[in-house]
2 protein chains.
Amino acid sequence: MAIQAIIFDAYGTLFDVYSIGRLADKLFPGKGDALTALWRAKQIEYTHLRTMCSTYKPFWEVTQDALVFSCKKLGLDLTLDAQQALMAQYAKLPSFPECEQVLRKLREQGIPLAILSNGNSQMLDAVVKASGIQPLLSHVLSVDSVQKYKTAPEAYQLGTDVFGTGARNILFVSGNCWDICGASWFGYKTFWVNRAGAPLEELGVTPHGEGTELNDLLAFVEREQA
Amino acid sequence: MAIQAIIFDAYGTLFDVYSIGRLADKLFPGKGDALTALWRAKQIEYTHLRTMCSTYKPFWEVTQDALVFSCKKLGLDLTLDAQQALMAQYAKLPSFPECEQVLRKLREQGIPLAILSNGNSQMLDAVVKASGIQPLLSHVLSVDSVQKYKTAPEAYQLGTDVFGTGARNILFVSGNCWDICGASWFGYKTFWVNRAGAPLEELGVTPHGEGTELNDLLAFVEREQA
């Protein structure tokens with residue numbers, strides 16, 4: 001079955017979060033890596049807890065909560081200036097160098113493209129507009145509209161709803177292996193952009209395709225469409 | 001309103017998981033802390049993902065999966081012997097030194113006690129029997145019966161179901177702050193055993209009581225019952 005649409009995760013998939021770590025290390029010398037790792041882990045943990053308990057709060061706020069906790073835990077003095085600077089970085093993340101060209105080539109093949117992200121619309125709009133990829137996207141979908149974070153099925157269903165086709169006809173692309181597992185469980189065809197060469201999560205799921213950057217996706221799509 | 005029952009989390013609350021870290025460091029010198037921290041984080045992450053996606057698997061298996069992933073991620077060669085030794089440690093965790101006496105004093109006040117844990121019954125039974133606290137417990141509840149891990153409301157509801165009273169009449173005690181948040185959202189009165197002096201999770205929840213070990217719970221209960 002040909003791929004009828006491709007849905008991308010945003011942060012770490014299309015948009016490079018590396019600059020956040022760099023800024024964190026500038027603000028807290030020698031602690032940037034530890035802060036970035038804990039901040040990211042807490043951010044995702046909080047989305048899980050809030051989804052399981054139906055206590056949704058937008059991703060921007062959850063991200064801020066996770067930053068505050070992480071600094072307390074690591075004994076870092078988070079000034080309001082530092083907090084604002086770190087959060088502001090989220091709104092101006094660059095896309096990965098190959099991103100625009102890969103999306104353009106997929107569009108030239110007539111495949112509609114979308115983003116489906118945990119980020120709330122305001123966060124997503126800022127970063128999508130700044131990156132210049134907006135004209136290539138049919139939809140920018142935020143879980144905010146269902147008030148449940150990935151990996152809840154309600155979040156993934158946003159994609160099948162807008163494209164009006166079954167999940168097995170849609171390719172879901174993410175840099176996060178847990179997101180790939182959730183999307184696979186939902187029924188999507190999946191492609192893992194494994195930039196860091198991480199081991200596969202032990203969740204009994206194997207993505208349909210895997211690569212180290214978005215260009216690898218082009219070859220995968222070509223094979224699938226053949 | 002008086003406390004009509006007390007429900008305890010198991011691992012890290014009544015049972016001391018410290019020996020797992022010690023064994024991990026013996027098996028992987030200098031890497032025990034990193035392995036234990038990642039293993040624990042992955043174990044909980046996998047329970048979240050499997051709960052959100054309705055792909056439940058018993059805690060024993062999830063714990064094993066998390067161990068396998070963590071060793072791969074850290075580049076540690078996990079032999080079958082090492083895996084079995086680490087997992088076996090889970091079945092023979094000692095209770096904290098003050099545990100039995102505190103539970104006994106609570107029972108002497110006529111308060112029924114229970115455990116409500118992510119652990120599947122086989123895991124829990126082994127550790128409860130070995131610790132000698134079994135005669136003090138009215139119920140040992142496993143989320144296995146609802147196939148959803150904490151912090152899903154269905155998991156916490158096991159406690160209100162067996163005691164046949166509202167959550168606000170029951171005190172929920174845990175060493176994990178995320179568990180305290182989930183239990184508080186469900187409606188329980190909560191007491192956080194914060195042994196490590198960790199900061200409160202930034203989830204908008206404050207436990208009704210907090211202490212550094214189980215003896216602090218006695219004073220809290222006394223105040224509440226007065």
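The values are calculated or read from the model by the stated rules, or taken from the named source; none is laboratory data. On a predicted model such as this, the values are computed, not experimentally measured, just so you know. Cβ: placed from backbone, ideal geometry, glycine included. Neighbour counts: every protein chain shown. Keep in mind that these areas ignore ligands, DNA and RNA; they rest on the heavy atoms of the full protein, side chains included. Shrake-Rupley method; radii C 1.70, N 1.55, O 1.52, S 1.80 Å.
Residues in segment B:71-93 that are touching a residue at least 12 places away in the same chain (Cβ under 8 Å) and open to solvent by 40 Å² or more (accessible area, probe 1.4 Å) were compared, and the one that is nearest to the other protein chains (Cβ to nearest Cβ) is B:K73. Residues of segment B:17-34 that are touching a residue at least 40 places away in the same chain (Cβ under 8 Å) and either within 14 Å of another protein chain (Cβ to nearest Cβ) or within 21 Å of B:P58 (Cα to Cα) (or both): B:V17, B:I20, B:A34. Inspection of segment A:175-197 finds no residue satisfying the criterion of being away from every other protein chain (no Cβ under 13 Å), over 16 Å from the mean Cα position of the chain (by Cα) and open to solvent by 60 Å² or more (accessible area, probe 1.4 Å).
Would you check if A:L27 is open to solvent by 20 Å² or more (accessible area, probe 1.4 Å) and closer than 27 Å to B:E45 by Cα? Answer is no for this residue. If you check A:K105 against the conditions, is it surrounded by 14 or more Cβ atoms within 10 Å (Cβ to Cβ) and within 14 Å of chain B (Cβ to nearest Cβ)? When the stated conditions are applied, A:K105 does not pass them.
If you go through segment A:51-63 and keep only what is within 17 Å of the chain's Cα centre (by Cα), open to solvent by 30 Å² or more (accessible area, probe 1.4 Å) and of a type outside the set (A, V, I, L, M, F, W, C), you end up with A:P58, A:E61.
Condition check ((1) touching a Ser or Thr at 6+ places or on another chain (Cβ under 6 Å); (2) under 19 Å from B:A152 (Cβ atoms); (3) small (G, A, S)) across all residues:
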{"site": "B:G21", "(1), (2), (3)": "yes, no, yes"}
{"site": "B:D25", "(1), (2), (3)": "no, no, no"}
{"site": "B:K31", "(1), (2), (3)": "no, no, no"}
{"site": "B:L49", "(1), (2), (3)": "yes, yes, no"}
{"site": "B:S95", "(1), (2), (3)": "yes, no, yes"}
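Of the residues making up segment A:41-50, those that are open to solvent by less than 10 Å² (accessible area, probe 1.4 Å) and either within 7 Å of chain B (Cβ to nearest Cβ) or within 12 Å of A:Q147 (Cα to Cα) (or both) are A:Y46, A:T47, A:H48, A:L49. (1) within 14 Å of another protein chain (Cβ to nearest Cβ); (2) over 20 Å from A:R50 (Cβ atoms); (3) open to solvent by less than 40 Å² (accessible area, probe 1.4 Å); (4) not aliphatic (A, V, I, L, M): which one isn't true of B:F8, the others all being true? Only one criterion is unmet by B:F8, namely (1). In segment B:214-224, the qualifying residues are those that are more than 16 Å from B:L113 (Cα to Cα) and open to solvent by less than 60 Å² (accessible area, probe 1.4 Å), and the one that is modelled with the highest pLDDT is B:D216.
Here is the figure for segment A:164-174: residues that are touching a residue at least 24 places away in the same chain (Cβ under 8 Å), surrounded by fewer than 23 Cβ atoms within 10 Å (Cβ to Cβ) and either touching a Ser or Thr at 6+ places or on another chain (Cβ under 8 Å) or among the polar types (S, T, N, Q) (or both) total 2.
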